[in-house]
1. Can you list residues from other chains, or at least 5 along the same chain, whose modelled amide H is less than 5 Å from the amide H of Ile36?
2. Kindly rank 34-46, 224-236 from highest to lowest mean number of other beta carbons found within 10 Å of each residue.
3. Select from Ser49, Ser88, Leu362 the residue farthest towards the positive end of the dipole of the chain; place +1 on Cβ of Lys and Arg, -1 on Cβ of Asp and Glu, and compute about the Cα centre.
4. Output the 0 to 90 degree angle, nearest 10, between the alpha-carbon long axis of helix 295-308 and the longest principal axis computed from the alpha carbons of the chain.
5. What is the helix-to-structure angle for 152-163, meaning the angle in degrees between its Cα long axis and the longest Cα principal axis of the chain, kept from 0 to 90 and rounded to the nearest 10?
6. Provide the packing ranking of 253-262, 150-159, i.e. peptides ordered by the mean count of other C-beta atoms within 10 Å per residue, highest first.
7. Per residue of the range 184-198, in order, report the coupling 6.51 cos²θ - 1.76 cosθ + 1.60 (Karplus, θ = phi - 60°) as ³J(HN,Hα) in whole Hz, putting x for Gly and Pro.
8. Could you list, in their original order, any pairs among Lys197/Lys291; Lys232/Lys360; Lys289/Lys375; Lys224/Lys289 whose Cα atoms are separated by more than 18 Å?
Amino acid sequence: MPQQITIGLFGFGSVGSGIYHVLKKKQIPRIHLKTIVVKSPNKPRSIDSKNFSYRAEDILEDTEINVVLELIDDAQAAYTIVKKALESKKHVVTANKKMLANHFEELVALSKKHKVSLLYEASVCGSIPILRTLETSFAYDNLKSLKAISNGTSNYVLTRLFQKLQPFKDIITDAQKHGFAESDPTLDIDGWDSKFKLIINNYHAFGVLNTPEEILNLGIRHVKPEDIEFAKEKNFSIKLIGHSNLDEEGLTAYVAPQFIPKTQALTSIDFENNAVEIDAEFAHQHLLKGKGAGSIPTASAVLSDLVSLFDDYCYGYSKARQQSTEFNDEKLIKVYMSSYDRKDLKPIKFETEILCGTQKHLQYKIGKISVKSLKQQTADLSSELFVAVFPD
């Protein structure tokens, strides 16, 4: 186990600057931040430019640095950094869920080969310690399902829509002003961010390693005021959920807006907050909730990973070792689809059609369809079709 942690930090954005200030405040004697590498010399930052380097080699080739913190936005650049760091036998702490989802198997294998830790608690649900909880508290308890509200931007937008019906674009603009949405919110509102997190959760919770191409992701871009009214009339809220369910037929997993009964705890998770609901064989239901984003809350997860290195902590991937679980996208789910133009609904073919109806100017259909078929049929749609899933 390392007696001293000497850190090389890549990135000084929201999370990078957050961990810098957390480490400065905590003053942990055995942790030393030696080098910070950033991309642009001209970008204004909260500390003096003399604190920065602009060459990756200043970290990756420094033999004194034994821990690399990778906290940049660029997934491809992050992959290069993390791969080189592991090959150099440096421990890695990262928050880059897209990079992990695309290169998970390779990077885990590299960490095992070189006998170093690859930790990434901050990549999933910010400050919520879900991965450590799955690896320890639920290591030998079979999980039945996992539902995650894991994208603060989408949750913020949906919360605002349920408070007061208003144009979707106006809420996104406001979310951007408050730092809850990126300048390009596509990854958030179209479900990509939640999908990358779902892939990571699934491996720790069920031992199933999905690729991004396997997982259906539907977002909230085309939710309309009439959809919100429909939900309220039926006593539902709508949340963007990363949903995984394990039964005797295998693991079904997807990301989609869901109608959640108002009696369920997930409906109380508002604004930029995140939550994970676990249903286990022995422990039954648990709800973990907290700040899913933000500089300091996410930095707290990074700090947790850092200090765990003093105890040589690494993920055990207990579920992957215990069981062989098959991914199943043939399961039928109950789905609601809506559009102002009835023609948008025609291309989608249900296995079983249950209901057609109207909500003011909105046309909607409800029916049952397999996850696989829904993924295939919605892949290339250019219409403003909103799709949501009913609870099991």
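1. Distant-sequence amide H within range of Ile36: Leu9, Ser53.
2. 224-236, 34-46
3. Of the options given, the answer is Ser49.
4. Roughly 60 degrees, rounded to the nearest 10.
5. The helix 152-163 is inclined about 40 degrees to the chain.
6. The packing order, highest mean first, is 150-159, 253-262.
7. With coefficients 6.51, -1.76 and 1.60, one gets 10, x, 3, 4, 7, 6, 9, x, 5, 4, 5, 5, 4, 5, 4 Hz.
8. Where the Cα-Cα span goes over 18 Å, the pairs concerned are Lys289/Lys375; Lys224/Lys289.
The values are calculated or read from the model by the stated rules, or taken from the named source; none is laboratory data. Because the structure is predicted, anything quoted here is derived from the model rather than measured. Heads up, the Cβs are rebuilt from the backbone with ideal geometry, glycines too, and the neighbour counts pull from every protein chain shown. Each accessible area value is taken on the protein alone, full model and side chains, heavy atoms only, with ligands, DNA and RNA left out. Shrake-Rupley method; radii C 1.70, N 1.55, O 1.52, S 1.80 Å.
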